[in-house]
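Participant: One structure coming up, written as structure tokens, with questions to follow.
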Amino acid sequence: MSILKAHNISKKFKNLEVLKGIDLEVNKGEVIAIIGPSGSGKSTLLRCLIRLETIDRGSIEIDGQPMVTEASDGHSVYASEQNIRVLRKKMGMVFQNFNLFPHKSVLENIIEAPIIVNGLSREEAEAIADQLLQKVGLAEKRHSYPCELSGGQQQRVAIARALAMNPDIMLFDEPTSALDPELTGEVLRVIKNLAEEHMTMLVVTHEMGFAKEVANRVIFMDNGVIIEEGTPEQIFDRTQHPRTKAFLGQILRS
Amino acid sequence: MELDYILNSSIAILKGFKVTYGLFFSTLIFSLPLGLLVALARISRYRILQVVTGTYIWLLRGTPLLLQVFFVYFGLPALGLTLNNMTAAILAFALNYAAYFAEIFRSGIQSINKGQYESADVLGLTYAQTMRRKIIPQMVKRVLPPVSNEVITLVKDTALVFGIGLLDVLRTAQIIVTRDFDITAFIIAAVFYLLNTAILTFIFRKLEQRYSYYTT
């Protein structure tokens, strides 16, 4: 069952066309890894899906509801701000740089949005937060501030914060790229656990081992287009596409 | 006696406190919130607000504070608004300091990483909620040093109100000096300003310490 559907989306920054007609359909429970060289448009794609960037052409549907539709002249027309708010609540996002709120404790980082956006009581929100902190292995950091945590711990808090809004889809924008190599494992493990619980996820990543192990589907992007997609075996072991081959070859050599 | 003289002069100068402190605190009470509003308008997406606040800041930072005080006290009556000298001073000072605070706040707000807006945005917070709960609290920490600078300047700027006949600390001291041909009163006034600056420096240091529980 499709939970997110993007059709023919294009995005320009000034004169630079970053996305050139992307089609993407995400089914419930799927874990999709998006790989590709830097500047290929992977992050922009993710950001467009959650409307951190607006698209110029194409359409996006979330859970069967249009967030942005394509007018007859091909230009994108967004739904009302109110409708978009409802649709965006179905999505959670985790950033490369964590973006925790530095002036708030771990607990406050997690409970604030459930309280002020979803209208939960403080007790309900704290109960959810504690459960999530347990899940990401940081129960004892409840009252710490982000600056007291390692990068890997901060990213795990960021994941808990996104999960506290109870999203249907999680978007990860290079979640381990800002981490020291020895800290990536703890974050990837949390994401892997989510995959085992059948959380629908889109993960932009440079961690090929992780993509291979956890993803059901791998999308290879280059230069604003999807070059190839398929199962991890199809992409990593049996690709015939020269650009995929070149990219993987480069990654494996480094 | 010398000591008696210092004491008597000090008591006379103390009367100037009322004007100096009255103006100092009134200016802060009005100019800090006004400065924040101007800063928010300046960075809003509405062109008209940007232009209006930009012009306001240019005018108020671009002319002498004393001239603004004169304008409010001597000029506004011509437009049908007559204010007593203390009210006129407070109005001019508040408008002037708000312009400076606005620019300090704007720089503070704009120094906050755009990732903070994005993470608040994807969590569903509105722009107003993001500003109030995320951006402004972090801005406060960053602008404490420049705000402290302005506040210390304000203590001394209050002396400008001699121009419209208000008897503040410095003007009172000056009257005593001209009466007695003795500069002791000036020294007393200097000590007064120095003490105030010391207190303010201490308060702002404490505030900075209070915010040091987190780093960005």
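Participant: Check B:Ile57, B:Ile112 and return the single one that is at negative phi, within 14 Å of another protein chain (Cβ to nearest Cβ), surrounded by 14 or more Cβ atoms within 10 Å (Cβ to Cβ) and touching a residue at least 24 places away in the same chain (Cβ under 8 Å).
Facilitator: The unique qualifying residue is B:Ile112.
Participant: Now for a separate question. Just the residues that are under 18 Å from A:Gln96 (Cβ atoms), within 15 Å of the chain's Cα centre (by Cα) and either open to solvent by 40 Å² or more (accessible area, probe 1.4 Å) or not small (Gly, Ala, Ser) (or both), please, taken from the stretch A:195-213.
Facilitator: A:Met201, A:Leu202, A:Val203, A:Val204, A:Thr205, A:His206, A:Glu207, A:Phe210
Participant: If B:Asn8 passes every condition in (1) of a type in the set (S, T, N, Q); (2) open to solvent by 30 Å² or more (accessible area, probe 1.4 Å); (3) in contact with a Phe, Trp or Tyr (Cβ under 9 Å, 6 or more places away or on another chain); (4) closer than 24 Å to B:Ala173 by Cβ but one, which one does it miss?
Facilitator: (3)
Participant: Another one. Can you pull out the residues in the stretch A:116-125 that are of a type outside the set (Ser, Thr, Tyr) and either surrounded by fewer than 17 Cβ atoms within 10 Å (Cβ to Cβ) or touching a residue at least 12 places away in the same chain (Cβ under 8 Å) (or both)?
Facilitator: Once the filter is applied, which keeps residues that are of a type outside the set (Ser, Thr, Tyr) and either surrounded by fewer than 17 Cβ atoms within 10 Å (Cβ to Cβ) or touching a residue at least 12 places away in the same chain (Cβ under 8 Å) (or both), the stretch A:116-125 yields A:Ile116, A:Val117, A:Asn118, A:Gly119, A:Arg122, A:Glu123, A:Glu124, A:Ala125.
Participant: Consider A:Lys11 against the criteria (1) in a loop (DSSP other than H, G, I, E, B); (2) away from chain B (no Cβ under 14 Å): it satisfies all of them except one. Which criterion is unmet?
Facilitator: Exception for A:Lys11: condition (1).
Participant: Could you tell me which residue of the stretch B:145-161 is farthest from the other protein chains (Cβ to nearest Cβ), considering only residues that are surrounded by fewer than 19 Cβ atoms within 10 Å (Cβ to Cβ) and farther than 15 Å from B:Ser31 by Cβ?
Facilitator: For the stretch B:145-161, the residue satisfying everything is B:Lys156.
Participant: Return the total of residues in the stretch A:149-159 being within 12 Å of chain B (Cβ to nearest Cβ) and hydroxyl-bearing (Ser, Thr, Tyr).
Facilitator: Result for the stretch A:149-159: 0.
Participant: May I ask you to verify whether A:Ser40 is surrounded by fewer than 23 Cβ atoms within 10 Å (Cβ to Cβ), at negative phi, away from chain B (no Cβ under 13 Å) and of a type in the set (S, T, N, Q)?
Facilitator: In short, no.
Participant: Still on this model: Residues to consider are B:Phe70, B:Phe105, B:Phe93, B:Phe101; find the one that is on the phi < 0 side of the Ramachandran plot, more than 14 Å from chain A (Cβ to nearest Cβ) and open to solvent by 50 Å² or more (accessible area, probe 1.4 Å).
Facilitator: The conditions single out B:Phe70.
Participant: Here's something else I'd like to know. State yes or no: is B:Glu208 touching a Leu at 6+ places or on another chain (Cβ under 6 Å) and among the charged types (D, E, K, R)?
Facilitator: Yes.
Participant: I'm trying to understand the selection: among the residues of the stretch B:162-207, which are of a type in the set (D, E, K, R), under 22 Å from the mean Cα position of the chain (by Cα) and either within 14 Å of another protein chain (Cβ to nearest Cβ) or exposed (fewer than 12 other Cβ atoms within 10 Å of the Cβ) (or both)?
Facilitator: Within the stretch B:162-207, just B:Lys206 meets the criteria.
Participant: Being without any contact (Cβ under 8 Å) to a residue 12 or more places away in the chain, outside any loop (DSSP other than H, G, I, E, B), farther than 20 Å from B:Glu118 by Cα and out of contact with any strand residue (DSSP E or B) (no Cβ under 6 Å at 6 or more places or on another chain) is the filter here; which residues of the stretch A:50-81 pass it?
Facilitator: None; the set is empty.
Participant: Being charged (D, E, K, R) and either at the interface with chain B (Cβ under 8 Å from one of its Cβ atoms) or not in a loop (DSSP other than H, G, I, E, B) (or both) is the filter here, so list the residues in the stretch A:83-129 that pass it.
Facilitator: Result: A:Arg85, A:Arg88, A:Lys89, A:Glu108, A:Glu112, A:Arg122, A:Glu123, A:Glu124, A:Glu126.
Participant: Does the stretch A:218-227 hold any residues that are at negative phi and open to solvent by 40 Å² or more (accessible area, probe 1.4 Å), and which are they?
Facilitator: Scanning the stretch A:218-227 gives A:Val225, A:Ile226.
Here's the yes/no breakdown for (1) part of a helix (DSSP H, G or I); (2) more than 14 Å from chain B (Cβ to nearest Cβ); (3) of a type outside the set (Phe, Trp, Tyr); (4) within 22 Å of A:Ile50 (Cβ to Cβ):
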| site | (1), (2), (3), (4) |
| --- | --- |
| A:Gln134 | yes, yes, yes, no |
| A:His143 | no, no, yes, no |
| A:Cys147 | yes, no, yes, no |
| A:Ala162 | yes, no, yes, yes |
| A:Phe172 | no, no, no, yes |
| A:Ala178 | no, no, yes, yes |
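The values are calculated or read from the model by the stated rules, or taken from the named source; none is laboratory data. All values derive from a computational prediction rather than experimental measurement. Glycine also receives a Cβ, built like all others from the backbone with ideal geometry; neighbour counts cover every protein chain displayed. Protein only, heavy atoms only, side chains kept; ligands, DNA and RNA dropped before computing areas. Shrake-Rupley method; radii C 1.70, N 1.55, O 1.52, S 1.80 Å.
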